[in-house]
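Beneath this line is the structure, given in C-alpha cells, with notes to follow.
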Amino acid sequence: MTYGPSAGQLVRPPEHHHDEPHVPVFVGARRDELDTIMSRYPTKMAALLPALWMVQDTHGWVSEGAVEEVAQVLDLTAAYVKGVLSFYTMYHQHPVGRHFVQVCTTTPCNVCGAEDVVHAFLEHTGCGELGLTSSDGRFTVIEVECLGACGFATPVMINNEFIESVTPERVARIVAEHD
Amino acid sequence: MGYPHSSHERETPVLSKYFGDPDARTLAGWRARGGYTSLDKALGMDPVEIQNIVKDSGLRGRGGAGFPTGIKWSFMKPDGKTHYLCCNADESEPGTFKDREIMRWTPHALVEGVAIGAHAIYAETAYIYIRGEYSEPIRLMQAAVAEAYASGILGANAMGSGKRVDVHVHRGAGAYICGEETALMNSLEGRRGNPRIKPPFPAVAGLFGQPTTINNVETLAAVPHILREGAEWYQGLGREDNPRSRGTKLFSVCGNIARPGNYEVTMGFPFGEFLNDLCGGALPGREIKAVIPGGSSVPILTREEAENTLMDYEGMVASGTMLGSGGVIVFDDRQDMVKQIARLARFYAHESCAQCSQCREGTAWTTRILERISAGQGNARDFDTLLSIADNMSGKTICVLSDSCATPVVSGLKKFRAEFEAKLGPDHSRGVVPVLLTSNRTVAA
Amino acid sequence: MSDAKDVKMISVTIEGRTTSVPDGTTIIEAAKTVGVLIPHYCYHPGLPIAGVCRMCLVDVEKFPKLAPACATTVMEGQVVHVHNEKAREARKGVLEFLLINHPLDCPVCDQSGECELQDYTFQEGRAESRYEEPKRFNPVEDFGGDVMYVPNRCILCTRCVRFMDDVAHDPVLNVSERGDRAFIGKAEGHDLTHAWAGNVVDLCPVGALISKDFLNKARAWELDRSASICTGCSQGCNVTVETRDNTVVRLKPRSNTDVNHFYLCEQGRLDYRWINRRDRLDQPQVRVQGTLRSVDWEDALDAAAAALAGRRVTVLASPNSTNESLFLAERIIARQGGAGVFRVSIGGEAPLEGVADLSLRAERAANATGARLLGYRDASEGLASSSADDTLLVLDDVLEGALDERIAALLAGAAHVVHIGTTLPDVIAARVDVALPITNHTEEEGTFTNLRGRVQRFLQARTAPGLARPSWFVLSDLAERLGAGTGAYSAADVFASLAGHHASFAGLSYATLALRGLPVVDAEAHGLTVQMATV
C-alpha cells in the first residue's frame, strides 16, 4: 500500500502482526454457515467475499493465516485470495483498533464540514493521526469515500455500525460510548 | 416523502410514500399497503407480457444510464439457459442516497420488484448486491428476504405459482466501481471488481457466463407499481412535451441546502423551483453557487444554469449535463470549488480498479495537480495539462470511471476558472525535483 | 478438428491494405497478415485477452469511439486506421500516462535496449514530460526462482499474472490493491518456483520482471544472437543464444508453434554456463610412447584411422551429438562392422500444462530420438558383445557419473580407444589412443531430432576454441580415410547424404527445415506422434 495524494489516507499497518497463530474460522457452526452460503452460488469462488466477511467478523481482520484457510476451503490459491482481498478497502489486512472509525469526507459531506468531524475524532480518540491505532487499542480513525448517506452529513461508520448526522459537537459523546 | 422531512405537496410520492414509516418494513405491513399483489399477478403472466407493460410504461434505468428497462429485459430470450437477475444496490455515486432509503424503509418493495424482474427475464435466481457499508439496509433486506421465504413468497413454488424464484443478498466490501454492471458481476463471482470488456454483453454472457440482466434498486422498486396501476399511469407522469422521460424520480439532495433528503418528483420538474421551494433553498445568509444535478460524474451547473433546467434525461442534457443517478449536490458561496473538485478527483483515484492505463494513472495525476493547486502551488501550465489529461482520459477506457473523473475537472475549469486562477502560486521553473514517496508495504525486499 | 472450408472469411482494410481473415479474428491479428504492427503491451497471442493497456486503440470508421484492436473482432468491410492522428494521439496519451510514475531507470535497467516502453515512446511518445508531481515508489521484491520484481517500473499489463494462471496453471501472482497503488503481488511462502515461471521475464514488456541470472550482466545492444535448439531435454525448444564477446550470457525462447510456442523452461534457460567452459579439448592428441602428445590434425586423423582400420567398432555416442555426426559415425559402423549405442540421463518431467504437448522431458538430451532413428541403441537396453579386437569410438560421451560396469569393461577391453569430444575426461585420457577436439553445438551448425521426430536446425553462435572442428567435419575426414566417405564437406551436404541413406529423413533438407523444422516422414510409424484429442 502506498501513501500519496492519490490514495487518500490508507491505513498504516503496525509492525509485527504476523506473530499470533491463526485460529481457524470455518469450523463448527461457522463451517455450516459457509456451506449454506456456498449453496447459493454455482461456484465456490463466489463465496469468497462472504467468507472474508466471516473472517473479519470473527477476528477483526484478515491475516495471512486466514488467507491460507479461506484459500484452502474454497479451492483457491493464497495469492488469488490476497489479490481479491486487497482490492476491497473494507477488509483489513492487519489489526486495527477495536472501534474502526470511518468518516466520510467526499465532496457532499466535505461541503458540510466533514473535515471538522475528522479532527474532532482524532482529538477525542487520542489517535492524533489518521490510520494510527490509539495506544489503548480502542480506536483507529480514517477518512473514507462516499458512504451513501449524503443527506445525513456527516455519516460515520464504526465497524459495522452506521451513525448519521455526526457533527463535531456529537463526537465526544460518541467516543465515550465506545469503549 | 423527502425523508427525513415530511413530503412536500409538490412531490409525487410513489416509491417514497412510506419513507419514515417503520411499519412498512414488515411483510404484514407491506401487504397491508398493497404489496405482493403485483408479484402474484406477474407470476401468472408470460414474461414477454410483463416486458411489454414495462416497455409501454417508459421506465428507464434509474441507476444513471437511463436505458429503457422493458427493452433491456426483452434481450433475455427463453433459450433454456440459466438466467440471472442482479439488483444493483451498490449505490456509491457521491451525492446519491436513494436506494438506501428504498431498502431500509420498503425492503419488501424491492423484494417484490426483484422477484417480478427475475420472472420477466426467465430467471430463477436473483442476487441483490448491496454495498458493504450499507449495514442497516443489508440487515433489513436479509430479514425481508427471510420473511418472504418463510411465507412462501419466494422459493421453489413462489406464491404457489409453481415457478421458482430465489433471491439472495450479497454483501460488497468497499468499491465504488462495483456499481458498474460488469464489475458487479465479477465481484459477485468472487473476483476483483474489474469491469469487463463488452461485447460480450451481459444478456449474452454475464454472471457465471450466463445471460444476465442488471437493474438498479429504484428501477426494480417501480415495477410493482407499474404492474398494479398500469403502464399508462406511469406514462402519465412527466412533462407533456417530453415523451421520452416518464414516471417519477427520486432525487437525493445534499450539500449546502436547507432541507437535504430524498425528494420524489415527476420527470421534468423545474429545477429552480425544486431547489428553492421544495428543498428550501440556500442556508441562511448564503447563496447557492453551483449544483451537480446527477451524482458527481455529471457536469457541474452554475446556479443560473440549474435554475433554467428541467429535471429529466433530456432536460439535463439540454443544459449541458446529465440526469445520472439524480444525486443533487449543492455548493454555496462559501465553498472552495477548487478544493471540492480536487476532493472529487481524489475519490475517483481511490476507486479506480487499475486496469486501464488512462484511468489508473490519470486519476492520480489529476488529483495531484489539483491538490497542488488547491494548496496554492499551481502554475500557469496546469490548466492546459489538466484539460489535456481529461481529454486523454475520455472515451478510451473499458468503463467510464475515467470519463467521470474528467467531467468535474472540465466543467469546473470552464465555469469556475476564476477560482482556479486565484490559487496560482509563484511560477516554478521546470526544475522541480520530485520528492520520492515511501511505501508502507510490509513485503520484504 | 474444424473443417477449414466451413470457416467464414471476412474482408477488412487496415491502413489501406485489404486482407481476408477467418471470422472471429481480432483486428490486431488481422493487421499482422498485412504487415501492420499495432502497438500493444497487454496483448499476447499465448495469453487470454485482457484489453487493459489501451495501447492498441484503433480508429475504426463508423465506430463512435476508438476500439481496442486486441479485443475487437473484424467485421465485413471495416476500414481501420492505426496511424491516423486520432489513434496516434491516443497512443501518445497512453505512453504519457505510463511514464508519469515510471522511474527514469533506463541507465540502470536491464530491459534497456529491448524495452517496449522505450521503443514506442521513442517512436510515438512525447519528447518531454509534463509531470511535475512526486512519483509513487515501492521497493524491489524477490519473487523466487530467477525472478525479481521492480514495482516502480511495472505498467500493470498483467501478462505475468495471466501466464501463471492460464498457461502455467500455478496462480501464484495477483494484482494487489487498486488505482495507482496497484502492484503485482504474491502470497507469502508461495514463490515463482514453477518449472516454467521464468517466462514471465520474457513476457514483461518493460524491466519490471527481470532475471536475477542476467542482472547487470550485459546490455541488450551488445549481444549477438543466433537461432539454436536447447540441449537440456528431448523437447527441442527453439532458443536464441545470446553472446557477448563470444561468451554465452543468456538463452531466450524462440517462438515455434509446433514445439515450444513462446516458452522455455527454467532448466533449459539457465543451463548455459557449460557452453563457456574453458577446460576444453582444443588440440588433437595422439598417444606416443605412452604419453598423449598434441599433434596436427592430419597426423591425428591418420592415427585414428589406423586405430579403426580392419577392426569392428563400437561407437558410444552422446545423445547430444548431431544427426550429421551420428550419421557419419554410423557410416563407419556400416563399413567396419559393429554397433552404436548411447546413454541418456533421465529426470523428472515438468509440463507446461496450458500448452499442448510441452514439457521438460524425461530424456535429458536433445537427440536421443535422432540416435535411435539412425540405428543407435540405448545402452540401458544392453550392449552387444564386443571383443578385445574391437575399437571403441567415443563420440563426446564423457563417461561421467557412476561408470557403468559394462562401459568400464568396454573401455578397458577395447583394442584401441578413439575419443572425439569437446573435453577430455581423465578416465578417457588414461586410456585413449587418439583424442580429437570438436565443437559444441553453439560452435557449429547441425540438426537435432526431438521426441516427436521433428528435425530442427541450429546455427553457429560463437567461435570454437583452439583447433576444435565441427564433429561432422572430423568424422567426414575419418570416414574418408576408412573408405566410408560420403563426399560431403558442408553440414548441409552431410545432411543431404543422411536423407539419402535413411528413409525417415527422405526429402528433408536444410532449405526446407529452415528455422522451424519438419517432422521425419514416418514419425507416426515410429510411435513418435502424440494422439491429440479430437474436438
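Which FRET efficiency value, to the nearest 0.05, do you get for residue C:429 and residue C:297 by plugging their Cβ-Cβ distance into 1/(1 + (r/R0)^6) with R0 = 25 Å?
E(calc), rounded to 0.05, equals 0.85.
Please turn the phi angles of the stretch C:234-249 into ³J(HN,Hα) values with the Karplus equation 6.51 cos²θ - 1.76 cosθ + 1.60 (θ = phi - 60°), one per residue in order, whole Hz, x for glycine and proline.
These are the phi-based 3J(HN,Hα) values: 8, 5, x, 4, 7, 10, 10, 8, 10, 10, 9, 6, 6, 10, 6, 10 Hz.
Return the carbon/sulfur percentage of the accessible area of chain B, one whole number, probe 1.4 Å, all protein chains in place.
Percent of accessible area from carbon and sulfur atoms in chain B: 53.
In whole Å, what are the extents of the protein assembly as shown along the principal axes defined by its C-alpha atoms, from largest to smallest?
Principal extents (Cα only, largest first): 120, 72, 64 Å.
Modelled label-to-label distance, residue B:204 and residue B:45, 7 Å Cα→beta-carbon offset: nm?
Modelled inter-label distance: 2.9 nm.
What is the sum of charges, Lys and Arg at +1 and Asp and Glu at -1, for the other residues whose Cβ falls under 14 Å from the Cβ of residue B:161?
Taking every Cβ under 14 Å from that of residue B:161, the sum is -2.
Can you tell which of B:260, B:199, B:137 shows the greatest fluctuation in a Gaussian network model of chain B with Cα springs below 10 Å?
B:199
Leaving ligands, DNA and RNA out of it, rank C:65, C:252 by accessible area with a 1.4 Å probe, largest first.
Ranked from most to least accessible, the order is C:65, C:252.
Where the centroid of each part is defined by its Cα atoms, how far is the stretch C:179-200 from the stretch C:251-324 in Å?
Between the Cα centres of the stretch C:179-200 and the stretch C:251-324 lies a distance of 39 Å.
For all pairs of alpha-carbon atoms in chain B, what percent lies in each bin of width 10 Å, listed from the first bin to the last filled one?
Taking all Cα pairs of chain B, the binned fractions are 4, 21, 30, 25, 13, 5, 1, 0 percent.
Take every residue in peptide C:328-339, count the Cβ atoms of other chains within 10 Å of its Cβ, and give the average of those counts.
Averaged over the peptide's residues, the number is 0.
Relative contact order for the stretch A:96-177: what percent, with Cα pairs under 8 Å and sequence separation of 6 or more?
Computed value for the stretch A:96-177: 39 percent relative contact order.
Compute the relative contact order of the stretch B:248-332 as a whole-number percentage, counting only Cα pairs closer than 8 Å that sit 6 or more residues apart in sequence.
37 percent
To the nearest 10 Å², what's residue C:263's accessible area with a 1.4 Å probe?
0 Å²
How large a share of the accessible area of chain C, in percent, is made up of carbon and sulfur atoms when the probe is 1.4 Å and the other protein chains stay in place?
51 percent
Can you give me the Cα centroid spacing of the stretch C:336-402 and the stretch A:118-164 in angstrom?
So the separation of the two Cα centres works out to 72 Å.
Given a 1.4 Å probe and every protein chain left where it sits, what share in percent of the accessible area of the stretch A:16-87 is carbon and sulfur?
Carbon-and-sulfur percentage of accessible area, whole number: 53.
Take the Cα atoms of chain A, find their three principal axes, and give me the spread along each one in whole Å, biggest first.
48, 35, 33
What per residue convex hull volume, in Å³, comes out for the stretch C:401-480 when only alpha-carbon positions are used?
147 Å³
Work out which helices of chain C, taken as complete DSSP H runs, extend at least 18 Å along their axis over the Cα atoms and score a mean Kyte-Doolittle of -0.5 or more, then list them.
Within chain C the helices that satisfy the rule are C:85-100, C:323-336.
Determine the distance separating the Cα centre of the stretch C:449-507 from the Cα centre of the stretch B:141-211; give it in Å without decimals.
67 Å
Name the aspartates and glutamates eligible as straight-distance cross-link partners of residue C:8: C-alpha to C-alpha under 18 Å, and not fewer than 8 places from it in the same chain.
Hits, sequence-local ones excluded: C:23, C:29, C:76.
Give, as a single signed number, the net charge of other residues whose beta carbon lies under 9 Å from the beta carbon of residue C:451, with Lys and Arg counted +1 and Asp and Glu -1.
In short, +2.
Go through the stretch C:371-382 residue by residue and turn each phi into a ³J(HN,Hα) via Karplus (6.51, -1.76, 1.60, θ = phi - 60°); whole Hz please, and just put x for glycine and proline.
Result, ordered by residue: 4, 5, 5, 8, x, 8, 10, 5, 4, 5, 8, x Hz.
Kirkwood Rh, the stretch C:285-519, all Cα pairs: how many Å?
18.0 Å
Counting only DSSP beta bridges with both residues in chain B, tell me the antiparallel percent, nearest 5.
Roughly 40 percent of the beta bridges in chain B run antiparallel, per DSSP.
Between residue C:147 and residues 5 or more places away or on another chain, which pairs have amide H atoms under 5 Å apart, with H built 1.01 Å from N, and which residues are they?
Those qualifying (amide H under 5 Å, at least 5 residues apart or on another chain) are C:212.
Please list, or write none, the aspartates and glutamates whose alpha carbon is within less than 19 Å of the alpha carbon of residue B:17, excluding same-chain residues fewer than 8 places away.
B:9, B:99, B:101, B:112, B:218, B:229, B:264
Given only helices, namely DSSP H runs of n ≥ 4 each adding -39500 (n - 2.57), what is the per-residue ellipticity at 222 nm of the protein assembly as shown, to the nearest 500 deg cm²/dmol?
-8500 deg cm²/dmol
Heavy atoms of the protein only, probe of 1.4 Å, neighbouring chains included. What is the accessible area of residue C:381 in Å², nearest 10?
Here the residue's solvent-accessible area equals roughly 120 Å².
Taking every DSSP beta bridge that has both residues in the protein assembly as shown, what percent is antiparallel when rounded to the nearest 5?
Rounded to the nearest five, the antiparallel share is 60 percent.
At the nearest 100 Å², what buried accessible area, both sides summed, do you get for C and A when the probe is 1.4 Å?
1400 Å²
Would you mind computing, in nm to one decimal, how far apart the modelled labels at residue B:375 and residue A:179 are, each placed 7 Å from Cα along Cα→Cβ?
With each label placed 7 Å out from Cα toward Cβ, I get 4.1 nm.
For a quick check: with amide H placed at 1.01 Å from N, whose amide H comes under 5 Å from residue C:137's, ignoring anything fewer than 5 positions away on the same chain?
Distant-sequence amide H within range of residue C:137: B:437.
Over chain C, calculate the relative contact order: mean separation of alpha carbon pairs under 8 Å at least 6 apart, over the residue count, as a percent.
Over chain C, the number comes to 11 percent.
If B:252, C:497 are ordered by their accessible area, calculated over protein heavy atoms with a 1.4 Å probe, which sequence runs from highest to lowest?
In descending accessible area the options line up as C:497, B:252.
How many Å² of accessible area per residue for the protein assembly as shown, probe 1.4 Å?
36 Å²
For helix A:48-59, report the angle its Cα long axis makes with the longest principal axis of the Cα atoms of chain A; keep it between 0 and 90° and round to the nearest 10°.
Rounded to the nearest ten degrees, it is 70.
Once you have the Kirkwood Rh of the stretch C:4-94 from its Cα pairs, apply Stokes-Einstein at 4 °C and 1.567 mPa s and quote D in µm²/s.
The calculation lands on 99 µm²/s.
Based on the Cα coordinates of the stretch B:248-332, what is the per residue volume of their convex hull in Å³?
So the per-residue Cα hull volume is 67 Å³.
Taking beta carbons within 10 Å but only from partner chains, what does the mean come to for residues B:363-372?
Averaged over the peptide's residues, the number is 6.
Under a point spin-label approximation (7 Å from Cα along Cα-to-Cβ), what is the residue B:10-residue A:35 distance to one decimal in nm?
According to this spin-label approximation, the distance is 6.0 nm.
Check each residue of the stretch B:305-346 and keep those whose accessible area, probe 1.4 Å, is at least 30 Å² smaller with all protein chains in place than in the chain alone; give them in order of residue number.
Hits at the 30 Å² cut-off: B:339, B:340, B:343, B:346.
Using only protein heavy atoms and a 1.4 Å probe, how much accessible area in total is buried between B and C, to the nearest 100 Å²?
By this definition, chains B and C bury close to 3800 Å².
Nearest 100 Å², what total accessible surface is buried between chain B and chain A (probe 1.4 Å)?
4700 Å²
So between residue C:85 and residue C:415, what do we pick up on full extension, going 0.36 nm a residue minus the alpha carbon distance?
110.9 nm
The values are calculated or read from the model by the stated rules, or taken from the named source; none is laboratory data. Keep in mind that this is a model prediction, so the values were computed, not measured. Quick reminder, even Gly has a Cβ in these numbers, built from the backbone with ideal geometry, and neighbours come from all protein chains shown. Calculation scope for accessible area: heavy atoms of the full protein, side chains included, ligands and nucleic acids excluded. Shrake-Rupley method; radii C 1.70, N 1.55, O 1.52, S 1.80 Å.
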